[in-house]
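See below for the structure under consideration.
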Amino acid sequence: MIAYRTDCIPDAEAVRRVFAASGIRRPVDDLPRIRKMIEHADLFVTAWEGETLIGLARALTDYAYCCYLSDLAVDRAYQHRGIGRELVARLRALLGEEVALVLLSAPEAMGFYPKIGFDKADNAFIIRRIR
């Protein structure tokens, strides 16, 4: 049985494992950077099977107008079971109706987000990170 939690922040090693197992492009070989990503996030919604972290949504928000969904990752062994959809639904419930949820999608995930309620936006800009 999958348990969803909003009351705990996973440690960097658990997050690194989910990132690596999910296929998401993150700095999995840079644990200090992952720690910093965790420390500066505003919200975590996590999915667990027993004591094992299997999915997470990590977000940055002002709690009033907008929220950036920085990471949505589910271990490949658990994908296609609605876990990503549930992580987003629980994040939206925490944020309420006044807060817009925005994200940058990896090319291979572009088809997923419209299925869970996201609209594609053509008015975004980005300055890419160097490393």
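The values are calculated or read from the model by the stated rules, or taken from the named source; none is laboratory data. This one's a predicted model, so the numbers in the text were calculated from it and none came from an experiment. Quick reminder, even Gly has a Cβ in these numbers, built from the backbone with ideal geometry, and neighbours come from all protein chains shown. Keep in mind that these areas ignore ligands, DNA and RNA; they rest on the heavy atoms of the full protein, side chains included. Shrake-Rupley method; radii C 1.70, N 1.55, O 1.52, S 1.80 Å.
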(request) Quote the relative contact order of the chain in percent (integer), defining contacts as alpha-carbon pairs under 8 Å separated by 6+ residues. (result) 21
(request) Return the carbon/sulfur percentage of the accessible area of the chain, one whole number, probe 1.4 Å, all protein chains in place. (result) 51
(message) With n ≥ 4 as the cut-off for DSSP H runs, can you work out [θ] at 222 nm for the chain, using -39500 (n - 2.57) per run divided by the number of residues, rounded to the nearest 500?
(response) -8000 deg cm²/dmol
(request) Would you kindly derive the ³J(HN,Hα) couplings of region 106-121 from the backbone phi angles with the Karplus curve 6.51 cos²θ - 1.76 cosθ + 1.60 (θ = phi - 60°), listing them in order in whole Hz, with x for Gly and Pro? (result) 5, x, 6, 9, 4, x, 6, 5, x, 5, 10, x, 7, 9, 6, 10
(message) Computed from the coordinates I sent, mean projected area of the Cα convex hull in nm² equals one of (i) 8.2; (ii) 9.5; (iii) 13.2. Tell me the label.
(response) (i)
(message) How charged is the neighbourhood of Asp62? Take every other residue with its Cβ under 13 Å from the Cβ of Asp62, and add Lys/Arg as +1 and Asp/Glu as -1.
(response) -2
(message) Show me the ranking of peptides 103-113, 88-98, 70-80 by mean Cβ neighbours inside 10 Å, starting with the highest.
(response) 70-80, 88-98, 103-113
(message) If I ignore ligands, DNA and RNA and count only protein heavy atoms, how much of Lys115 is accessible to a 1.4 Å probe, in Å² to the nearest 10?
(response) 150
(request) Provide the per residue accessible area, probe 1.4 Å, for the chain, rounded to a whole number of square angstrom. (result) 67
